[in-house]
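The values are calculated or read from the model by the stated rules, or taken from the named source; none is laboratory data. On a predicted model such as this, the values are computed, not experimentally measured, just so you know. Heads up, the Cβs are rebuilt from the backbone with ideal geometry, glycines too, and the neighbour counts pull from every protein chain shown. Quick note on the areas: whole protein, heavy atoms, side chains included, nothing else; ligands and nucleic acids left out. Shrake-Rupley method; radii C 1.70, N 1.55, O 1.52, S 1.80 Å.
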Amino acid sequence: QVRLVESGGGLVQPGGSLTLSCAASDTFFSFAAMGWYRQAPGKQREFVATIFRAGDVKYGDSVKGRFTISRDKARSTVSLQLNRLRPEDTAVYYCHVQKQSVDYWGQGTQVTVSS
């Protein structure tokens, strides 16, 4: 069993920034990748970003150029820097890992972009 704990959500004005963090209970190298998804009210869960064990990254089209994913291997932590936020970025953001073909999710952290 893997435990994921997210932090860093909140309320921010359009154009602002936030940093989300996710701490895993297992070593980073036990995962194929660590990443983030988000889900807005009434919508399906959407891929945001992921960082693979080898260090390469991938982003969803709607966040490319605005969000940056990074990791601290020693602390098994992955962070997501959210810049130039838009109202449509409002959602619950979930940390995700996959270990031995099993998906694990954090409890989610709310990001609200509003003036």
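Quick notes
- Residues of region 87-104 classified as over 27 Å from V2 (Cβ atoms) and exposed (fewer than 14 other Cβ atoms within 10 Å of the Cβ), total: 2
- Number of residues in region 24-51 that are under 11 Å from the mean Cα position of the chain (by Cα) and closer than 16 Å to T77 by Cβ equals 6.
- Selection over region 63-80 of residues that are open to solvent by 60 Å² or more (accessible area, probe 1.4 Å), assigned to a loop (DSSP other than H, G, I, E, B) and not charged (D, E, K, R) gives a count of 1.
- Extreme residue, modelled with the highest pLDDT, among residues of region 33-62 that are among the aliphatic types (A, V, I, L, M) and outside any strand (DSSP E or B): A40
- Remark: Q107 matches the filter, which requires a residue to be touching a residue at least 24 places away in the same chain (Cβ under 8 Å), surrounded by fewer than 14 Cβ atoms within 10 Å (Cβ to Cβ) and outside any strand (DSSP E or B).
- Where a residue in region 46-64 is over 16 Å from F29 (Cβ atoms) and of a type in the set (F, W, Y) and its partner, wherever it lies, is part of a loop (DSSP other than H, G, I, E, B) and modelled with pLDDT under 95, with Cβ under 7 Å and at least six apart: none
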